[in-house]
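Enquirer: Please read through the structure below; I'll follow up with questions.
The values are calculated or read from the model by the stated rules, or taken from the named source; none is laboratory data. This structure is a prediction, so every number in the text was calculated from the model and none was measured. Methodologically, a virtual Cβ is constructed for each residue, glycine included, from the backbone with ideal geometry; neighbour enumeration extends over all protein chains shown. Quick note on the areas: whole protein, heavy atoms, side chains included, nothing else; ligands and nucleic acids left out. Shrake-Rupley method; radii C 1.70, N 1.55, O 1.52, S 1.80 Å.
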Amino acid sequence: MSETLSVADLLTGVETALLSTYPGPVWVRGEISGLRRTNRGAAFFKLVDSDNQDQSVEVGVRGRVLAEIDTALNAAGVGSLRSGIEVRLEVMVTLRRGTSLVQLSLMRVDPEFIAGKLAVDREEVLRRLQADRLLEVNGSLPIPLVPLRVGLVTSRGSAAHADFLNHLKAPGYRFQILTAEAMMQGETSPEQVIRGLDRLAREPVDMVALVRGGGSKLDLSTFDDEGVARRIAAMPQPVITGIGHETDRSIADEVAAVAEKTPTAAAGWLVTKVSDFAGRIDRAEESIRDESSKAIARANSGLNHLVAQIAGSREALRRQEDGLSHLRDSIVDSARRGVQNQRSVIDSYSELISTMGLERTLRRGFTVVTRPDGSAVREAASLSRGDRVSVRFADGRVSMEVEGRDE
C-alpha cells in the first residue's frame, strides 16, 4: 500500500518540486489582466497566456520592487503597468499554501519588450488599415473654409481640455464647441473614445477634434487602438488630432485628416484656418472698396464728360432751333407768296373763262345747234335730211328741220 501524505506534506512536496525546477528567477511573458493597486503600494494581476486565454497565473509585487519597476518603465517612456498589454517579466515561482495556487512574485519588467511589442502591434494595425485603404479616407474629406462648429472628444476638466478651449477663445472668434466626454487612458478608454466619436458623427459640426495631454507610450496606447482608428476613418467630418506627443505619431494621427502635436497646436490650427478666411474677407473688402472708388471716379469722369457733351448738345440744339425758326419763317413767307401768285393766276383764268362763257359767245352772234336729246351738233356732216335740230340764239331758240346739206 502506497504512503498516505498529509495535505501539508503534499504541499511541501509540491513546493520542493517547484523550487527544484525553478530555483531562481525566470522570465515569462503574457498579457496583464485585472491589474489592481492597493493603498499600501502593492499590485496584483493575472498574467494570461497570449495564445491560450484559459491559462493564467497570479502575479504579485510589493513595496520597493514595485516602485523600482514604475521608475524603470517611466524612464524608458513606456509608462506604468496596466491591463491589456503584453509584458515580459522576471519572476520567482512560489506556492501560496493557503490556496495551494502557484503564484509569481514579480521582480523586474522588460521595458524594451513592452515598447517593441507596442511597435509591432502598431505596425500590424497600420498594415491592416492600409490593406483596407482607410489611412487616407478621412483626409480626403473637404476641409470647411470656416470651421467654427467643432466637436471635441476629450476628458472634461483636463489640462488638454482647458488648453484647447482657452486657445480658441483668445482671438475672439465665435467657435461653437460640442464636447463628448471620454477617458483618454485606461482599459475602457478606446471604447469611450469610439462612443464619443459616434455621438459627434450625428451632430452638425464642421470638424471633430480628438485631444489629450502628453504621456507615456502606454498612456497614449488608446490612440494606437485599431477600433479607434477605424472609427476616425469612418467619420463624416474631417478629424483633427492634438495628442501630446512630441516625437512619435499615433495611428490616430495617421488616419485623421489633420494631425497636430498638442491640444494647443490643434486649436491653433483651427484659429489659423478661421483667421486666414477672415483675412481673405478683409482683403476682399479692401479690394472691393478700392475698385468701387476707382469705378466711382471713372463714373464721375464719364459723367462730367457727358455733362459737357450735353451742354454742347444743348447749344447745338439752340442753334438748330434758331435755324429751324428762320427756315419756318422763310417757308411761311414763300408759301404766302406762292399762294398769292396762284391766286392771281386763278383770278386771271377766272376772268378768261368768264369772257369765254356761252352767253357772251351767243351775244357775239354765235349760235348753238342741238338735237332733240340735247346733244350738240358739232359738224354738218353729222346731220341728215329730215333731222330736227334746235338753234339757240342770244335772244331765244328756234326749231328747224334739215332739208339738205350744201357741199
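Enquirer: For the stretch 1-116, what log10 I(q)/I(0) values come out of the Debye formula at q = 0.13 1/Å, with one point per alpha carbon and no solvent?
Expert: -0.55
Enquirer: Further question on the same structure: Based on the Kirkwood radius over alpha-carbon pairs, what value in µm²/s does the Stokes-Einstein equation return for the translational diffusion coefficient of the chain at 20 °C and 1.002 mPa s?
Expert: Rounded, D is 66 µm²/s.
Enquirer: Here is a further query. Would you work out which of A119, V153, V93 lies farthest towards the positive end of the dipole of the stretch 65-174? Charges go on Cβ: Lys and Arg +1, Asp and Glu -1.
Expert: Positive-most Cα among the choices belongs to V153.
Enquirer: For the chain, which whole-number percentage of the solvent-accessible area (1.4 Å probe, protein heavy atoms only) is attributable to carbon and sulfur atoms?
Expert: The value for the chain is 52 percent carbon and sulfur by accessible area.
Enquirer: Between the stretch 50-80 and the stretch 91-144, how far is it from one alpha carbon centroid to the other, in angstrom?
Expert: So the separation of the two Cα centres works out to 13 Å.
Enquirer: With only Lys, Arg, Asp and Glu charged, each at its Cβ (+1 for the first two, -1 for the last two), find how big the charge dipole of the chain is about the Cα centre; round to the nearest 20 debye.
Expert: Around 1860 debye, computed over the chain.
Enquirer: Per residue, how large is the accessible surface of the stretch 190-321? Use a 1.4 angstrom probe and give square angstrom.
Expert: Normalised by residue count, the accessible surface of the stretch 190-321 is 51 Å².
Enquirer: Show me, bin by bin at 10 Å from 0, the whole-percent P(r) of the stretch 287-407 based on Cα pairs.
Expert: Over the stretch 287-407, the share of Cα pairs per 10 Å bin runs 10, 16, 13, 10, 9, 8, 8, 7, 7, 6, 5, 2, 0 percent.
Enquirer: Percentage of Cα-Cα pair distances in the stretch 229-289 greater than 12 Å, rounded to whole percent?
Expert: That fraction is 70 percent.
Enquirer: Evaluated at 20 °C with a viscosity of 1.002 mPa s, what Stokes-Einstein diffusion coefficient in µm²/s does the stretch 76-146 have when Rh comes from the Kirkwood expression over alpha-carbon pairs?
Expert: Roughly 133 µm²/s, to the nearest whole number.
Enquirer: Follow-up. Please compute P(r) over all alpha-carbon pairs of the stretch 233-339, binned at 10 Å starting from zero, and give each bin as a whole-number percent.
Expert: 12, 16, 13, 10, 9, 9, 8, 7, 6, 6, 3, 1
Enquirer: Taking amide H atoms as placed 1.01 Å from N in the peptide plane, list the residues 5 or more away in sequence, or in a different chain, whose amide H sits under 5 Å from that of G214.
Expert: Distant-sequence amide H within range of G214: G244.
Enquirer: So what's the stretch 84-214 giving for Rg/Rh, alpha carbon basis, Kirkwood Rh from the mean inverse pair distance?
Expert: Rounded to two decimals, Rg/Rh equals 1.15.
Enquirer: For the chain, set up a Gaussian network in which alpha carbons nearer than 10 Å are linked by springs, and say which option among S20, S375, S56 fluctuates the most.
Expert: So, out of S20, S375, S56, the one fluctuating most is S375.
Enquirer: With every protein chain present, what is the per residue accessible area of the stretch 87-146 (1.4 Å probe, Å²)? Please report the intermediate quantities before stating the final value.
Expert: Working: 3380 Å² over 60 residues.
Dividing the accessible area of the stretch 87-146 by its residue count gives 56 Å².
Enquirer: Using the Cα centre of the stretch 102-157 as the reference point, and only Cβ charges (+1 on K/R, -1 on D/E), how large is the resulting charge dipole? Debye, rounded to the nearest 20.
Expert: Its charge dipole is roughly 260 debye.
Enquirer: Do you know the relative contact order of the chain, to the nearest whole percent, from alpha carbon pairs under 8 angstrom that are 6+ apart?
Expert: 10
Enquirer: Evaluate the Debye formula for the stretch 364-407 with equal point scatterers sitting on the alpha carbons, no solvent, and hand back log10 of I(q)/I(0) at q = 0.30, 0.32 Å⁻¹, in q order, two decimals.
Expert: -1.18, -1.25
Enquirer: Continuing with this model, one more query. When you count, for each residue, the other Cβ atoms within 10 Å and take the mean per peptide, how do 263-274, 42-53 rank with the highest first?
Expert: Ranked by mean Cβ neighbours within 10 Å, highest first: 263-274, 42-53.
Enquirer: Provide, in order from the shortest bin, the percent of all Cα-Cα pairs of the stretch 139-200 in each 5 Å bin, continuing until the bin that contains the maximum pair distance.
Expert: P(r) for the stretch 139-200, in whole percents per bin: 4, 17, 21, 23, 19, 12, 4, 1.
Enquirer: If you don't mind, there's one more thing I want to ask. So if we plug the beta-carbon distance of E286 and D198 into 1/(1 + (r/R0)^6) with R0 = 41 Å, what FRET efficiency do we get, rounded to 0.05?
Expert: So, using R0 = 41 Å, E works out to roughly 0.40.
Enquirer: Leaving out same-chain residues fewer than 8 places away, which lysines sit with a Cα under 21 Å from that of K217?
Expert: K217 reaches K117, K261.
Enquirer: Please compute the net charge surrounding L200, taking Lys and Arg as +1 and Asp and Glu as -1 over other residues with Cβ under 15 Å from its Cβ.
Expert: Details: positive: R149, R156, R195, R199, R202, R231; negative: E181, D198, E203, D206.
With Lys, Arg at +1 and Asp, Glu at -1, the neighbours total +2.
Enquirer: If you average 1/r over every pair of different alpha-carbon atoms in the stretch 176-247 and take one over that average, what Kirkwood value in Å do you get?
Expert: On the way: mean 1/r = 0.0802 Å⁻¹.
That comes to 12.5 Å for the stretch 176-247.
Enquirer: Return, for the Cα atoms of the stretch 42-98, the radius of gyration and Dmax in Å, separated by a comma.
Expert: Taking only Cα atoms of the stretch 42-98, I get Rg and Dmax of 12.6, 38 Å.
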